[in-house]
1. Check region A:235-246 and report whether any residue there is part of a helix (DSSP H, G or I) and out of contact with any Pro (no Cβ under 7 Å at 6 or more places or on another chain).
2. Residue by residue through region A:287-341, note down the ones that are among the β-branched types (Val, Ile, Thr) and either more than 28 Å from the chain's Cα centre (by Cα) or within 11 Å of chain B (Cβ to nearest Cβ) (or both).
3. Step by step: first the residues of region A:353-377, then only those that are β-branched (Val, Ile, Thr) and either away from chain B (no Cβ under 14 Å) or over 18 Å from B:Glu45 (Cα atoms) (or both), then the one that is surrounded by the fewest Cβ atoms within 10 Å (Cβ to Cβ). Which residue is that?
4. Looking at this structure, is A:Leu204 in a helix (DSSP H, G or I), more than 22 Å from B:Ile85 (Cα to Cα) and more than 14 Å from chain B (Cβ to nearest Cβ)?
5. Quick check, is A:Lys159 over 24 Å from A:Glu262 (Cβ atoms) and under 39 Å from the mean Cα position of the chain (by Cα)?
6. Take residues that are within 14 Å of chain B (Cβ to nearest Cβ) and without any contact (Cβ under 8 Å) to a residue 60 or more places away in the chain and tell me which of the helices (runs of 4 or more DSSP H) falling wholly in region A:1-113 contain 1 or more.
7. So which residues in region B:132-143 are under 19 Å from the mean Cα position of the chain (by Cα) and facing chain A (nearest Cβ under 8 Å)?
8. Any idea which residue in region B:1-41 is farthest from B:His86 (Cα to Cα), counting only those that are small (Gly, Ala, Ser) and more than 10 Å from every other protein chain (Cβ to nearest Cβ)?
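The values are calculated or read from the model by the stated rules, or taken from the named source; none is laboratory data. This structure is a prediction, so every number in the text was calculated from the model and none was measured. Quick reminder, even Gly has a Cβ in these numbers, built from the backbone with ideal geometry, and neighbours come from all protein chains shown.
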Amino acid sequence: MNPFSMGTSLRDMIRAIRACKTAAEERAVVRKECASIRDAINENDPDYRHRNIAKLMFIHMLGYPTHFGQMECLKLIASPGFPEKRIGYLGLMLLLDERQEVLMLVTNSLKQDLNHTNQYIVGLALCALGNICSAEMARDLAPEVERLMQFRDPNIRKKAALCSIRIIKKVPDLAENFVNPAASLLREKHHGVLISGVQLCTELCKVNSDALEYFRKKCTEGVVKTLKDLANSPYAPEYDIAGITDPFLHIRLVKLLRVLGEGDADASDSMNDILAQVATKTESNKVAGNAILYECVQTIMSIEDNGGLRVLAINILGKFLSNRDNNIRYVALNMLMKAVIVDAQAVQRHRATILECVKDADASIRKRALDLVYVLVNESNVKPLTKELIDYLEVSDQDFKGDLTAKICSIVAKFSPEKIWYIDQMLKVLSEAGNFVKDETWHAFIVVISNASELQGYTVRALYKAIQTSTGQESFVRVAVWCIGEYGEMLVNNIGMLDIEDPITVTESDAVDVVETTIKCHSLDLTTKAMALVALLKLSSRFPSCSERIKEIIIQYKGNFVLELQQRSLEFNSIIAKHQNIRSALVERMPVLDEATFVGRRAGSLTDTASTPARPSVNLPNGVSKPSASPLVDLLDLSSDDAPAPSSSGSDILQDLLGVDLSPASQQSGAGHAPKSGTDALLDLLSIGSPTAQSSPSTIDMLSSSMNGKTPVSPLDDLSSLSLSARATSNAGAAPVMDLLDGFASNPPKHEDKGPEYPSITAHESSSLRMTFSFSKQPENPQTTVIQATFTNLSSNAYTDFVFQAAVPKFLQLHLEPASGNTLPASGNGSITQSMRVTNSQHGKKSLVMRLRIAYKVDGQAKLEEGQISNFPRGL
Amino acid sequence: MGIRFVLMVNKQGQTRLAQYYEYLTIEERRALEGEIVRKCLARTEQQCSFVEHRNYKIVYRRYASLFFLVGVDDDENELAILEFIHLLVETMDRHFGNVCELDIMFHLEKAHFMLEEMVMNGCVVETSKSNILTPIQLMDKAS
């Protein structure tokens, strides 16, 4: 025998791995072992086969690839001895999975073993089949399994029953064959067979409504009786757990009753007694008993209404909730969540206890309790609940604050009885945990403030008071700075005093102090500072006495390294210094944004972001602003311009409104540059070319002209578009875009007359790559088109890491299937195909349009190709 | 029944036994095990035995230096799983006599055989210790 193929024993290998001090050492040992196992496999030496598989199982468990051992498992299964088969089947279950084609090779061995004379071998085969069988195997072997359900040995019957569960899950059509054998299993006495049979019946009821009807009619009585016998059975040492006979069987039976009773009054009626008995008699001082009670409560909540039982169930949950054991409390919260749907009133009674659980030390319990509180909130209890939650916000863990803040904000926005209360709560949340408040939340808050003209004075004063003590919370500072800028005169003159307020004395320079502190604070980010500069500009007009001082502050930023601040500083300085006459008109209050529109827009923009990976931040570290890092997102923005109201998505409007829109597109689209900037904006939106590159020339141009003062009107228009007319800004950008989209619709591609068979198109072709699209449609669903994309490599180098991405406007929905591969051989020697599904909600009115981006690597160098496809056949 | 996986992990976080009842690639498994172990091992004795992670609910229990973690579907009875873990440990105790990490390491296949007798395709098959152990003892005698 070849001494090298022998390798070490299993025990030695495990010892060697245990002795490893570092991950690198472990990898080295595993590599060596794998090499010797491969050698042994190549020599086809049967003596050490099962030892090698045992080693591979260990290696697999550690998380190393072991695919090379798969064939060895099959050989072991095919060998005659029991020990070899045993390890072979175990290896099969651990190392293989149903997706591998190797698995098909095992079907025959399984068939033989299912008919073996040795019942242990039959058991092995059943177990393996139950764990890994695929749909094809299920069809091939179902008759054998069905027969084995009547086998004389109970151990085989139970395994056959569980194996059937897998089969009917894979091939639901086969379910009817199993209904009768399954029903007969319910009459068994052997616990193993019974528990398997009950699970099989539950599963059958789920996949087949006929089976459900059958079991409901024929077996409900039987299951009730079995449960009764079990609950009243005398002490059985083999199945006893904490004084209860086989709690697992209890739970499965109760669960089956739930399936049978759901939606059927008669069946529910017949199980009332036994459920009541189990719910009252079961001991609740051990886990096993509580597990049964828990299952029982679930069933009572699900089956048809019986008032008495429901009360019993809610009481059990109340008892659970006051239990000291965290596990029980967790389960109770979980269950109350489901109970809310059937009986919200009963759950409300436990509100105080649930609220206590929100403050628990255990993260799992906290999370459950918070979810529950969230669904319990309504108009009548929102005030006390919010107060509790906000009080807790002050002391909660950092990692819980995010969740908690989001829930509080959502609650106050949804249920606030009056605006002033909403404003108060938001102020508290922002000053306490402003860093956790999402952008859209504080945007919405500002929209509310700008709509509530009678509360603006109150809000700005409250913010002013609060910012004296709380400065670290980014979104809080943003809201405060914005309000002080907008409503500065209300702050100093105590305009719009409410009865509940104490008058405060704030001088004009106090207000400027606050903004100045903000802009000089190092911990705050670019957006906040940019907002502070806008606020200063506004204050310079509202407080003429401070104008000089504000000019001083603004001028300090003319040399700032951050381009955005530098630009603002220069522009604002020139407004203050040279254009006094129009300044007050420039910095008037923002037009009020309609709340309903904003909410609608926001919902729209949320779906936008949902369909793309998280929208990247617009702020780049060097202060150069880009619309976004991914051009795909731009196209989606474009799509929202396509909607009837000619403005951009909600957050964009708001950014305009706040005067913090950092996107060059809107800065360029002033009237003075209208023709050019319109195109630029469009180019940006379609991201043909680099947006930054295009923004700088026009910005410089604009700046220089305003510095020289030669053409005062046009640059000022530019500047005013920054802050004055948000709508005009987005209009200018949107109009040409709409033209373009209309263009897609009205310029029919040439393939128009070729009938319902849609011709394939070459969607994209460059010197290195060709992409063709072929189309198919199902007649019953004309809106949906299945596109098969085929990529061919036209260059002489192979491409690796090939990724295709596509984006569509909002009236389309795109679903990309995984590609057939990610490497593309050179010179057209093969191709990658990828199919996608496009649903056109404007079918018949608009044609498809798509932007694409293809990334790949040539010799390790990343390449990127982008393009737009507008030559889709008409009528897709 | 919706058991999705059974893991045994020592207190250093090394996996000692892993049985999945659904398909995950090796990379996914490593990542999942790492995340779960980090989450569960950081919890204290007083905290509850359930952790939600991705779309799994993990029920775990600690026995000396060994953690037993069972991933289940959302609608599974958590308390029953907790009891099931205990049954698994008692069964192993009966076979190995006060089971420890090394027993499982050096008799990985036996541990798997026991688990196989108890759980099939994520469903509990057998809850009687002697029924579970009979085939294993028979095999021991034969070899």
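1. Here is the first cut: in region A:235-246, the residues part of a helix (DSSP H, G or I) are none.
Within region A:235-246, not a single residue is part of a helix (DSSP H, G or I) and out of contact with any Pro (no Cβ under 7 Å at 6 or more places or on another chain).
2. The initial filter retains those residues of region A:287-341 that are among the β-branched types (Val, Ile, Thr), namely A:287, A:292, A:297, A:299-300, A:303, A:311, A:314, A:316, A:328, A:331, A:340-341.
Residues satisfying the conditions are A:Val287, A:Ile292, A:Val297, A:Thr299, A:Ile300, A:Ile303, A:Val311, A:Ile314, A:Ile316, A:Ile328, A:Val331.
3. Step one: filter region A:353-377 for residues β-branched (Val, Ile, Thr), giving A:353-354, A:358, A:365, A:373, A:375, A:377.
Narrowing the set further to residues that are either away from chain B (no Cβ under 14 Å) or over 18 Å from B:Glu45 (Cα atoms) (or both) leaves A:353-354, A:358, A:373, A:375, A:377.
Working: A:Thr353: 16, A:Ile354: 22, A:Val358: 25, A:Val373: 21, A:Val375: 13, A:Val377: 19.
Ranking the candidates gives A:Val375 first.
4. On the way: in a helix (DSSP H, G or I): yes; more than 22 Å from B:Ile85 (Cα to Cα): yes; more than 14 Å from chain B (Cβ to nearest Cβ): no.
Against the criterion (in a helix (DSSP H, G or I), more than 22 Å from B:Ile85 (Cα to Cα) and more than 14 Å from chain B (Cβ to nearest Cβ)), A:Leu204 does not qualify.
5. Values: over 24 Å from A:Glu262 (Cβ atoms): yes; under 39 Å from the mean Cα position of the chain (by Cα): yes.
So A:Lys159 passes the test.
6. Values: elements: A:3-6, A:10-19, A:23-43, A:49-62, A:70-78, A:82-95.
Filter on region A:1-113 gives A:10-19, A:23-43, A:49-62, A:70-78, A:82-95.
7. Those that are under 19 Å from the mean Cα position of the chain (by Cα) and facing chain A (nearest Cβ under 8 Å): none in region B:132-143.
8. B:Gly13
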